[in-house]
Ligand code: ADP
Ligand code: ZN
Ligand code: ZN
C-alpha cells in the first residue's frame, strides 16, 4: 500500500500537490498540519496538509515529504472551508490564501532569512544543532534556510528553527522591529470622591493646616478650569511645589495619577461595566436581535455619535457569556487606542488585538491563543487579516465602518473584501454578522432595502446632541471678492477664531498630503515627473523635496525647470503641509498638528498624534481622510473641509458616494459632546448635489440618485465587476498582450467588456499598465463566467511572449 498527502503550497499555482508519506505518517497526519516539502529546483517550502489518501498522482512521481512540522493541526477545517470559498470567489489559488493567512513565522521556506534576536539573553539551553546555528550567526548577520541546511548537513531543519524562534534566539528577517516605545505621559486628577467643583471648600477644609497642600489644590482648580487634562509636571511647576506634596495628596486618595498613551494591550485588571443603553439604543439593540432571528446579516445604520459602539458592547457581552468567540473588524487605521481602551475596560480579560503593525511574535501569540480557544482571545479586535485566524466557535462578527474601502485588499492576492468574506465566514460558523455605519455602502443599504439583510436605524446622537450644522462656503465668490487668505476664506478664519476663543478644538480636512501636488514651470508649463511612474511629483516643503506618492521616489527640489532652465517654478494645488504652514501664519498662538501618512509612520506614530490631540496639546489638527475614522474627541466644535471639489471630481463610479461618506464622517467629529458642532465646507461648487445632500444629511436621497446611476451605467449592486490588470516593463509587449486579451474576451463577453484601457496613471514603478473590465449582470452564472475567464487566461499564458506579463484578476473591484 502507498500513502499520499495532498498539500497546499504557498504559491500562485491553482492545484494541490501530492507527496508520498509512510503508513505511520498517514495515520498521524491531519488536514491543517504543516509539512516541509521540496518543490521546484530543490526549494524547500512549508506546505499545509489538505487530505491524506492512497491514490498515486497521474503524470508525475510523487516525492516524499521531508518532515512533519506540527503535532496538532494549526489550521482547522472551518478555516479551510473559508479559504476555499475565497480562492474560488476571488479567483486566486488556495496557496495565495494560505500565504496571506499565516503569520510569516509559520511559513518558513528556503529563501527565508533569519537573524539573531537582539533581545536574546544568553541563558537558554541550546541543543547541538541549535548551538551550531547560534554560532554561525555570530559571524554572519543573517542566514537563509538554505545556508542552515548546509551547516547542519540535513534537510530537516524547520523544527530546529521553530525552536530557536520560540526560545527567542532568532527572528525571521522581514520582521522589522519597532524601536520607538511611546513615552507614557503622567497626568493627575481628583479622585472620584472629590471630583465635583462643589466639594472644593469641603476639600480645602479637610486639609486643615497643610498649607502647601491647600495651595496645590487651588492651583489644580485653576488649571482644571482650562478644561484640559493636567500633566503632573505642569501642576508641579505652576504650584511651585515638590513631588512629595503631590505624593502625599495621592496617598490621601484626594488626587490620583493616570497615563495617556499605551503600548500594546496590557490588561491591568481595571474594568467597568458596559454602559446602560438609552431608550433608543435599547430599542435598536432589541431590534438587531429580532432581525438576527430571521436574517444572518443585519445593518445598523446609526448616525455618528449615536452610540453604536455601546450597542456592539452589549451584543458582545452576551456572546462572551455564552463562551463564544467574537470578531470585531475595523479598517486598519481606525484601530486606535481610543477604541482599544474602551473595549479593554469592558472586556479586558477577553480582548486580543491583531493588526499589521504588530510584530510577528505578537501575531503568533494571538494565533496560538485563538487556536487553543483561550479566554484572553475570545474577543478579537482586528483589521481585515484577522478574518484568517483559527476560530473554532464564532458567535458574532461585527464589521464596523462597513462602508470603508480599506476593507478591500487590492494587492497581492487574495483580493478579498473583508465585509463580504466575513459574511461567508459567519455562515460557516452558523453565526451572525452585524454591519455598522453612519453612511452604509450603497450595496449594503441596497441589500438591506431588498430584505436580504436586516435593517436597524438609530437617528439620535447620544445625549440628544444635534448633528453639526453644515455650512457650504463658496470660495469662487470669495476669490472674486478677494476674501481669501491663502486657502482660507474669511468665513472659515472667523469660525476657527471663535472656536479657539472658546478653548475648543478644530479639525481641518484636506485630502492630499505634502505641500503642493504639482510644481509647474511658469515659462514652459512643464512639471517634474517621477522617472518611474506616470505622475507629477509632489512638493514637500519641509525637506525641500519632490516625492512620488506611488513609488516613494524622492529628489531635491530643483532651482530651475528641467525643460527650459527657467527659474520661475510655481506650485499648484495644496496639501496638508501647506495648510499647516498657513495656519502658523494665521494663528501664531495656536498649536497645530498634522496627521497624514508622513507624520504617522511606525507603530505608534498615529497614536502619538491622537494622544496629543486628546490631551489638548494640539488646538488645530490638519489631516487627510485618516481623520474620518471613528475618532471620538469631546472638545472639537469645528470641522473644516478645505476643498470638497477634488474628491468629487475623481474619475471613479464611486467618487460621489465616497465623497458623501467622507464628508459626513469628518463632520461627525464635530460637537460630539453637549454643544452642537459646526462644519464649514469650502467649495467652488456649492450647488453640487452631493454637497447639498451632505449639508442636509440626506442619505436616502444620495442613495436613490447613486442607485439610479448604477442601474443606468451597469455598476454594482446590479452588476458585478471583474477587473483584469496587465503589467509589464516593456510598453509594446503589454500593449500587444492587452489587445490580444481584449479580442478574446470580447468574443465571449461582447459589450460587457470594457477596454483594454490605459489608466490615468499608466505607469507605476516602471511597469506599464492596462486594464480590462468585465461587467456581469446578476442574472448571469458567475461560475461559468469565471471559468471562461480562466480558460482565456490559460491560453494567454500559453503564448510565449505574453507569459512574463503580470496578470491580476480582481473580483468585485470597488
Ligand atoms: P458612534 O460609534 O455611533 O459614533 P459612540 O459609541 O462612539 O458613537 O458614542 C459616542 C459617545 O457617546 C461616546 O463617548 C460614548 O461613550 C457616549 N455614549 C454613547 N452611548 C452612551 C450611553 N448609553 N451611556 C453613556 N455614554 C454613552
Ligand atoms: Zn520650463
Ligand atoms: Zn514614482
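For the stretch 466-487, the condition holds for at least one residue, the condition being that it is within 16 Å of ligand 1 (Cβ to nearest atom) and surrounded by fewer than 17 Cβ atoms within 10 Å (Cβ to Cβ). Within the stretch 93-117, the set of residues being over 22 Å from the mean Cα position of the chain (by Cα) and over 23 Å from residue 141 (Cβ atoms) comprises 93, 94, 95, 106.
Residue 454 versus (1) in contact with a helix residue (DSSP H, G or I) (Cβ under 9 Å, 6 or more places away or on another chain); (2) in the same structural domain as residue 308 (by TED's automatic domain parsing); (3) free of Cβ contacts under 8 Å to residues at least 40 places away in the same chain: which is the lone unmet condition? Just one mismatch for residue 454, condition (3).
If we scan the stretch 554-572, do we find a residue that is closer than 30 Å to residue 730 by Cβ, in contact with a strand residue (DSSP E or B) (Cβ under 8 Å, 6 or more places away or on another chain) and more than 16 Å from ligand 2 (Cβ to nearest atom)? Yes: the stretch 554-572 contains one or more residues that are closer than 30 Å to residue 730 by Cβ, in contact with a strand residue (DSSP E or B) (Cβ under 8 Å, 6 or more places away or on another chain) and more than 16 Å from ligand 2 (Cβ to nearest atom).
In this entry, residue 502 passes the filter for residues that are modelled with pLDDT of 90 or more, at negative phi, more than 16 Å from ligand 3 (Cβ to nearest atom) and surrounded by fewer than 17 Cβ atoms within 10 Å (Cβ to Cβ). Taking the criterion of being crowded, with 24+ Cβ neighbours inside 10 Å and part of a loop (DSSP other than H, G, I, E, B), the residues of the stretch 632-649 that qualify are 642, 644. In the condition set (1) touching a strand residue (DSSP E or B) at 6+ places or on another chain (Cβ under 7 Å); (2) under 30 Å from residue 763 (Cβ atoms), residue 593 is compliant with all but (2).
The stretch 681-785 holds helices (runs of 4 or more DSSP H) entirely within its bounds, and those carrying 3 or more residues that are surrounded by 18 or more Cβ atoms within 10 Å (Cβ to Cβ), modelled with pLDDT of 90 or more and touching a strand residue (DSSP E or B) at 6+ places or on another chain (Cβ under 6 Å) map to 731-749. Of the numbered criteria (1) farther than 20 Å from residue 534 by Cβ; (2) out of contact with any helix residue (DSSP H, G or I) (no Cβ under 6 Å at 6 or more places or on another chain); (3) part of a helix (DSSP H, G or I), the one residue 792 fails is (2). For the stretch 142-160, the count of residues that are part of a loop (DSSP other than H, G, I, E, B) and farther than 20 Å from residue 69 by Cα is zero.
Looking across 66, 89, one residue alone is touching a residue at least 40 places away in the same chain (Cβ under 8 Å), buried (at least 16 other Cβ atoms within 10 Å of the Cβ) and over 30 Å from residue 408 (Cα atoms). It is 66. Residues of the stretch 520-547 that are exposed (fewer than 15 other Cβ atoms within 10 Å of the Cβ), touching a residue at least 12 places away in the same chain (Cβ under 8 Å) and more than 14 Å from ligand 3 (Cβ to nearest atom): 522, 523, 524, 542, 544.
Each residue in the stretch 796-814 was checked for being surrounded by fewer than 18 Cβ atoms within 10 Å (Cβ to Cβ) and not in a strand (DSSP E or B), and 8 pass. Among the residues making up the stretch 290-326, those that are out of contact with any helix residue (DSSP H, G or I) (no Cβ under 8 Å at 6 or more places or on another chain) and either free of Cβ contacts under 8 Å to residues at least 12 places away in the same chain or assigned to a helix (DSSP H, G or I) (or both) are 290, 291, 292, 293, 294, 308, 312, 318, 319, 321. Test residue 286 against the criterion of being in a helix (DSSP H, G or I) and free of Cβ contacts under 8 Å to residues at least 24 places away in the same chain, and give yes or no. Against the criterion (in a helix (DSSP H, G or I) and free of Cβ contacts under 8 Å to residues at least 24 places away in the same chain), residue 286 qualifies. The strands (runs of 3 or more DSSP E) found entirely in the stretch 548-606 that carry 1 or more residues being exposed (fewer than 13 other Cβ atoms within 10 Å of the Cβ) and at pLDDT 80 or above are 554-556, 569-572.
For the stretch 522-540, taking the residues that are over 27 Å from residue 729 (Cβ atoms) and within 28 Å of the chain's Cα centre (by Cα), the one that is farthest from ligand 2 (Cβ to nearest atom) is identified as 540. Scanning the stretch 207-220 for residues that are at pLDDT below 85 and surrounded by 12 or more Cβ atoms within 10 Å (Cβ to Cβ) yields 207, 210.
Table: residues versus (1) modelled with pLDDT of 80 or more; (2) within 16 Å of ligand 3 (Cβ to nearest atom); (3) not assigned by TED's automatic domain parsing to the domain that holds residue 230.
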position	(1), (2), (3)
253	yes, no, no
256	yes, no, no
268	no, no, yes
271	no, no, yes
274	yes, no, yes
285	yes, no, yes
288	yes, no, yes
291	yes, no, yes
296	yes, no, yes
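Within the stretch 12-51, being more than 38 Å from the chain's Cα centre (by Cα) and in a strand (DSSP E or B) holds for 19, 20, 21.
The values are calculated or read from the model by the stated rules, or taken from the named source; none is laboratory data. All of these numbers come straight from a predicted model, not from anything done at the bench. Using ideal geometry, Cβ is built from the backbone for each residue, glycine included, and neighbour counts are taken over all protein chains shown.
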